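The values are calculated or read from the model by the stated rules, or taken from the named source; none is laboratory data. Every value quoted in this text rests on a predicted model; they were computed, and no experiment measured them. Note: ideal-geometry Cβ built from the backbone for every residue, glycine included; neighbour counts use all protein chains shown. Accessible surface areas use protein heavy atoms only, side chains included; no ligands, DNA or RNA. Shrake-Rupley method; radii C 1.70, N 1.55, O 1.52, S 1.80 Å.
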Amino acid sequence: MTNSIQACLFDLDGVLVDTAKYHFLAWKRLAAELGFTFTEQDNEKLKGVSRMASLDILLKVGGIELNGTQKQELAERKNEWYVEYISQMDASEILPGALAFLQQCRENGLKTALGSASKNAPMILRNTGLTPYFDAIIDGTHTSQAKPDPEVFLLGARELGVNPENCVVFEDAEAGIEAAKRAGMRCVGIGTPETLGAAGLVIPSLESMTLSMIKKL
Ligand code: BG6
Ligand code: MG
């Protein structure tokens, strides 16, 4: 069957683990050092966005212009704080339903891949014990183009040896949904239809996901 689903590709932050809060703490701390307030609402704009693009958004909020070297230095500082937070993570921070669904996929012969913009993805997978649940791991160190570019998911499908049309992507960010669609894959949005309406199906969390739902995508 050409259209059957053979693989599931998962975004990490916001789909399998809730790291947005740690990104927020680190960006807020950086903004405070630079002399302005960075709100939780501002942080929403950073979901699914690469580290450097996130910094650009933050600097715009603060009305600050910097050169490349200064930006590099700030991104590194933010990342050091972020790594401090995520180094304390454990399995209790896996989002509801994520582990059970990964297990269900594998027990039923579906391949699984991670497709994340984060360069810290391997550490998060290790600390939460999720690493063994993936046949392929594509993170921010493997890609040259950020979502909504489809690169991360196309690389994942290639490593799994599965055609894009036989893949389904699980994403919580608008840019990720667009990336999945541009890759020619089906897509499930994790969140609300208001922001993720472009996905074939939108569910509040992986807790409400079953394999029979995949067949209907
Ligand atoms: C994405 C997050 O998964 O990874 C973004 O949603 C984050 O908020 C991006 O900026 C890059 O992460 P990192 O860990 O490489 O700074
Ligand atoms: Mg995400």
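A few remarks follow.
- Radius ratio Rg over Rh of region 99-152, counting only Cα atoms, Kirkwood formula for Rh: 1.01
- Quotient of Cα Rg and 2.2 N^0.38 Å for region 67-217, N being how many residues it contains: 1.08
- Charge dipole (Cα centre; +1 on Lys/Arg Cβ, -1 on Asp/Glu Cβ; no other charges) of the chain amounts to roughly 360 debye.
- Surrounding net charge for Glu65, when Lys and Arg each add one and Asp and Glu each subtract one, Cβ distance under 14 Å: +1
- Computed extension gain for Glu107 through Glu84, at 0.36 nm per residue and net of the alpha carbon distance, reaches 4.8 nm.
- Pairs with C-alpha atoms separated by more than 28 Å, drawn from the list Lys45/Lys119; Lys47/Lys181; Lys111/Lys147; Lys45/Lys215, are Lys45/Lys215.
- The stretch between Ala32 and Thr195 holds 55.8 nm of extra length on full extension. This uses 0.36 nm per residue minus the Cα-Cα distance.
- Solvent-accessible area per residue in region 98-217 equals 44 Å², computed with a 1.4 angstrom probe and all protein chains kept.
- Ligands, DNA and RNA excluded, the heavy atoms of Asp135 present near 80 Å² of accessible surface to a 1.4 Å solvent probe.
- Viscosity 1.002 mPa s, temperature 20 °C, Stokes-Einstein D of region 1-124 from Kirkwood C-alpha radius, µm²/s: 133
- Counting 0.36 nm for each residue step from Glu76 to Ser208 and taking away their Cα separation leaves a gain of 43.8 nm.
- Take every Cα pair under 8 Å whose residues are at least 6 apart in sequence, average their separation, divide by the length of the chain, and the relative contact order is 26 percent.
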